[in-house]
Each structure stands twice: as C-alpha cells, then as structure tokens.
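As structure tokens, the structure follows; a few thoughts come after it.
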Amino acid sequence: MENAGVRWNQRYLDGDTPWNKGTYTPALLEIFTKQVIPKSAEVLVPGCGYGHDARAIADAGYSVTGMDIAESAVKGARLAHDGVEALQFVEADLFDPSLPKQQQYGAIWEHTCYCAILPEQREAYVDAVYNLLEKGGLFVGVFFINTEMPPGEGPPFETSVEEVHQVFSEHFELIWEKEPAHTFPKRVGCEWLMAWRKKTKQR
C-alpha cells in the first residue's frame, strides 16, 4: 500500500495542488481581529503545505510550527519563508503517536488538513490534535462544508457542521462558531469557522 507521505509528496512534485492559493486563507483575519488565540500560545499548523497560513500567523506575532507529511511541501515552505522569526517547518506525520512526547502546543490552526484525510481517519485526527495540545489548549479551524464533490469522493472530502460537532464534542468544548467573515471568492458559503477548547479527560 502506498505511503501517504509519498502520495502527497508526488502531488507537490507534479504541481497538483489546487488547495494552494498562493496566500493565507482570509478566514485568519477574523481570528487575528478577535484575538482568539492568546499571544503566548505556540501554534501548530498541521498539513501546512507551502506554509502560507503559518507565515501569516507568525507575522501576527506568534511562535509557529508548520507541519506536513510531504517532503516537497516542507522544503518549499522553508525556502519561501526563510529567515522569518519564530517560524519553523517540520516534516512529520500528524498521526505519529510519539509527537506529543516531543512537544505540545497552546493552539492548533486547521485549514484543509481535516478535509484531505480519509473520512475514516477523522476520529484519529481528533485524538491526535487533542494529544498535541496543552491543558486547556485551543483548536481553531475553518472547515470545508461544501466541496461540491460526490459523496465519499475526495480529497477534499466533504463534512458538515453537525458531523464536526459529533466528532469533536467528546474531547473538546465548543467556544464559538460562525460562517467566516472573510474567505476566498469561490469558497463563499462553503466554509465554517470554529474554535474549540481542549477538555480535561475524565478518569
């Protein structure tokens, strides 16, 4: 079976990256304006691609780690954002169980990673980001709720607000949610912005 990292890496090598808009998602503007993420938080951006969102978050004054499974994406991100203070990129698999032992983060920013994984991996995704967050850490993301893809086909794989609630609510407390005030023109009505706080596990 083909390794996921190899598969995604090949897409970057082939230039088959329709999710890459050459800039950060406009949904981040609202996150910055509302100061959703405390300035003291170290922020992880999983599935960061070429690092546009990670760079914008770093430019807003945060310490940021961009993570991607694709070697070419990480190399491209490092080249594009070389020398940016408090910004680093690592090649790693979000589902690697050893990662939380290395470092935990005050906040995680999600954009186009959740919709890229297989739907059957979503519960494992929730476990992974839960374990990578510090106590009381924030998970903030913009979810693709209208991909215009046939059911079960992707990436991007479609989700719904209700499904995200169902998958996340056991381990996270919803702080707020809304349609993003800013988005790419072709994604109007297709995205949903959420902020969740990590719950303390019950013994």
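The values are calculated or read from the model by the stated rules, or taken from the named source; none is laboratory data. The structure displayed is predicted, hence computed values, not measured ones. Here Cβ is always computed from backbone atoms with ideal geometry, including for glycine, and neighbour counts include all displayed protein chains. Note: accessible area is taken over every heavy atom of the protein model, side chains too, but ligands, DNA and RNA are not part of it. Shrake-Rupley method; radii C 1.70, N 1.55, O 1.52, S 1.80 Å.
So, in the range 97-116, how many residues would count as being aliphatic (A, V, I, L, M) and either part of a helix (DSSP H, G or I) or without any contact (Cβ under 8 Å) to a residue 60 or more places away in the chain (or both)?
Total satisfying the criteria: 1.
If you go through the range 99-117 one residue at a time, do you hit one that is touching a Ser or Thr at 6+ places or on another chain (Cβ under 7 Å) and farther than 17 Å from ILE69 by Cα?
Within the range 99-117, one or more residues are touching a Ser or Thr at 6+ places or on another chain (Cβ under 7 Å) and farther than 17 Å from ILE69 by Cα.
Out of all the residues in the range 124-156, which are closer than 20 Å to GLU170 by Cα, more than 15 Å from the chain's Cα centre (by Cα) and acidic (Asp, Glu)?
As a first pass, look at the range 124-156 and keep what is closer than 20 Å to GLU170 by Cα: 124-143.
Remaining after also requiring more than 15 Å from the chain's Cα centre (by Cα): 134-136.
Hit for the range 124-156 is GLU134, nothing else.
So VAL6 clears everything in (1) within 23 Å of PRO156 (Cα to Cα); (2) of a type in the set (Val, Ile, Thr); (3) touching a residue at least 24 places away in the same chain (Cβ under 8 Å) except one condition, right? Which one?
Looking at each condition in turn, VAL6 falls short on (3).
Suppose the filter is modelled with pLDDT under 95, among the β-branched types (Val, Ile, Thr) and under 24 Å from THR183 (Cβ atoms); does THR25 pass it?
Spelling it out, it is not the case that THR25 is modelled with pLDDT under 95, among the β-branched types (Val, Ile, Thr) and under 24 Å from THR183 (Cβ atoms).
Can you confirm whether MET149 is among the hydrophobic types (A, V, I, L, M, F, W, C) and either open to solvent by 70 Å² or more (accessible area, probe 1.4 Å) or touching a strand residue (DSSP E or B) at 6+ places or on another chain (Cβ under 6 Å) (or both)?
no
Quick check on the range 36-50. Is at least one of its residues under 16 Å from the mean Cα position of the chain (by Cα), at pLDDT 95 or above and at positive phi?
Within the range 36-50 (the criterion being under 16 Å from the mean Cα position of the chain (by Cα), at pLDDT 95 or above and at positive phi), the answer is yes, since at least one residue qualifies.
Scan the range 97-112 for residues that are modelled with pLDDT of 95 or more and closer than 17 Å to TRP8 by Cβ and report the count.
Adding up the residues that qualify gives 2.
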